[in-house]
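Q: Let me give you the structure first, and then I'll get to my questions.
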Amino acid sequence: MNISNTKQNLKKSIFYSCCIVGGGPAGIMLGYIMAKYGVEVVVMEKHKDFFRDFRGDTIHPSTLNILDELGDLDDFLKVPHDKMTEFTMTFGDKQIALADFKKLNIKTPFIAFTPQWNFLNFLTEKAQNLPNFNLLMATEAIDILQENGKVVGVKAISEKGVVLINSNLVVGADGRHSIIRKKASLNVYNLGSPIDVLWFRLNKPDVTFKKSFANSNKGKFLILIDRTEYWQCGFITTKGNYENLKSIGIVNFQNEITSILPELKDVVTQLTNFEQIKNLSVTVDRLEKWYTEGLICIGDSAHAMSPIGGVGINLAIQDAVAMANVLVPIFKNSNIPTSKDLKKIQNRRMFPTKFTQGVQLLIQNKSLKPFLTDKKKDDVPSFLKLLKWFPPLRILPTRFIGLGVRTEKIQL
Ligand SMILES: Cc1cc2nc3c(=O)[nH]c(=O)nc-3n(C[C@H](O)[C@H](O)[C@H](O)COP(=O)(O)OP(=O)(O)OC[C@H]3O[C@@H](n4cnc5c(N)ncnc54)[C@H](O)[C@@H]3O)c2cc1C
């Protein structure tokens, strides 16, 4: 797909009703829905394309529902993807069925696995057919514009130089290292995280695995995501352990991997140095107040999520839908969103955020951390044993992962 800036003759200063900073799942979905329902928006993305490796690749049933409401589900299901109907974890030789999406009474009871760039390219392609959707790729927000204490736009930089965008509302959808929330001086409440994930690629071994899965053994944990020609691998470890692993050398790291999955022994030698292994520090935080006059944050910029449960994209998309439900009628009546309107959005989405982060922290601190630090431990965490003893309880993780808390519908 050819992603190009929709305003080729970029003027130095431009006005759009709504300026969305960040072309991730939250920003692109919000821009698409707003434009589809008649609001003029611009989305700016600092990269020139969406091809980045270490991103969530999971399109959950709740997001598939939204695509259905937008009339795009059938087209999306033509994008190459794997369907995951059940989620199973392996601990040594024990297998635990965590979630069974077939139990959800919905049209698409599965997680669609596809690289995030496929999802973003798909949405962008749909959105670019709409006259109200404007996309500025390779354009990085560097500051907010303020007048009399109110945010009135964004200062950005592109290959053509400085761009000033004035707007009635700025949306920070620029992820966990958000410049927008920083410039707006929104207070971040850091919830801490005891884990990090080391990501690397391995060309596929000559053995058949289940499509995408998680495996653990003796205090070590490995996730494998099928990217057709290669496995995207995530090695979960304690926070800060990357430097220790580096100091003991690459051969020891290869051994760590094969001790979890011996089938990888022939391909793990593809890792010859730590340059091939990216340490993605896991952060869990949220803003105390998501907005100020003329500006609001959503998705990871309002609440960075842990990769546990793979629900970050889910939440980002649900935020976008809730936000569009509030904002579209305001803009269509030629009004400007007030702080009271923005507060309504935060109030709607704060509970699902707090609840989801609470569950993630509980799993990280009470199960994953002891599992990773106690090397003798080769046991299934107790909350997972409960699921084995009482299978009906599986509906809880099934709903949590598949639909999330407070599932949003488009109400426009
Ligand atoms: C290691 C890891 C694994 C994960 N795995 C999963 C998973 O399997 N499933 C899942 O659902 N979630 C997963 N997540 C979480 C998920 O990736 C995020 O929660 C989700 O992407 C948030 O979407 P977003 O749109 O809010 O932010 P992001 O996806 O971070 O998008 C923000 C966008 O803003 C752009 N940007 C940043 N700064 C600027 C700027 N100044 N100007 C313009 N553009 C800017 C960025 O380039 C980016 O495209 C994972 C996260 C991590 C760290």
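Q: Can you give me the number of residues within segment 222-250 that are surrounded by fewer than 17 Cβ atoms within 10 Å (Cβ to Cβ) and β-branched (V, I, T)?
A: So the count comes out to 3.
Q: With the checklist (1) free of Cβ contacts under 8 Å to residues at least 24 places away in the same chain; (2) under 30 Å from V171 (Cβ atoms) in hand, flag the one item I225 doesn't pass.
A: Looking at each condition in turn, I225 falls short on (1).
Q: For segment 323-338, name all the residues that are under 26 Å from I401 (Cα atoms) and either near the ligand (Cβ under 9 Å from one of its atoms) or crowded, with 24+ Cβ neighbours inside 10 Å (or both).
A: Scanning segment 323-338 gives M323, A324.
Q: In this structure, is I165 closer than 23 Å to G404 by Cβ and open to solvent by less than 30 Å² (accessible area, probe 1.4 Å)?
A: Here the answer is no, as I165 does not meet what is asked.
Q: So L67 fits all but one of (1) under 26 Å from H303 (Cα atoms); (2) without any contact (Cβ under 8 Å) to a residue 12 or more places away in the chain; (3) open to solvent by 40 Å² or more (accessible area, probe 1.4 Å); what number is the exception?
A: (3)
Q: Which ones in segment 283-299 are touching a helix residue (DSSP H, G or I) at 6+ places or on another chain (Cβ under 8 Å) and open to solvent by 10 Å² or more (accessible area, probe 1.4 Å)?
A: Once the filter is applied, which keeps residues that are touching a helix residue (DSSP H, G or I) at 6+ places or on another chain (Cβ under 8 Å) and open to solvent by 10 Å² or more (accessible area, probe 1.4 Å), segment 283-299 yields R286, K289, Y291, T292, E293.
Q: Which of (1) open to solvent by 80 Å² or more (accessible area, probe 1.4 Å); (2) at pLDDT below 85; (3) not in a loop (DSSP other than H, G, I, E, B) does K375 not meet, given it meets every other one?
A: (3)
Q: So, restricting to strands (runs of 3 or more DSSP E) that lie completely within segment 29-128, which ones have at least 1 residues that are away from the ligand (no atom under 14 Å from the Cβ) and hydrophobic (A, V, I, L, M, F, W, C)?
A: By residue number, 41-44, 86-91, 94-100.
Condition check ((1) more than 27 Å from F221 (Cα to Cα); (2) in the same structural domain as I313 (by TED's automatic domain parsing); (3) among the β-branched types (V, I, T)) across all residues:
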{"site": "F253", "(1), (2), (3)": "no, no, no"}
{"site": "S259", "(1), (2), (3)": "no, no, no"}
{"site": "V267", "(1), (2), (3)": "no, no, yes"}
{"site": "F274", "(1), (2), (3)": "no, no, no"}
{"site": "I277", "(1), (2), (3)": "no, no, yes"}
{"site": "Y291", "(1), (2), (3)": "yes, yes, no"}
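Q: A further question follows. Taking the options L368, L362, L386, L393, name whichever one is in the same structural domain as A26 (by TED's automatic domain parsing) and open to solvent by less than 40 Å² (accessible area, probe 1.4 Å).
A: L368
The values are calculated or read from the model by the stated rules, or taken from the named source; none is laboratory data. Because the structure is a prediction, the values reported are computed rather than measured. Counting neighbours? That spans all protein chains shown, and the Cβs are built from the backbone with ideal geometry, glycine included. Ligands, DNA and RNA are excluded from the accessible area calculation, which covers all protein heavy atoms including side chains. Shrake-Rupley method; radii C 1.70, N 1.55, O 1.52, S 1.80 Å.
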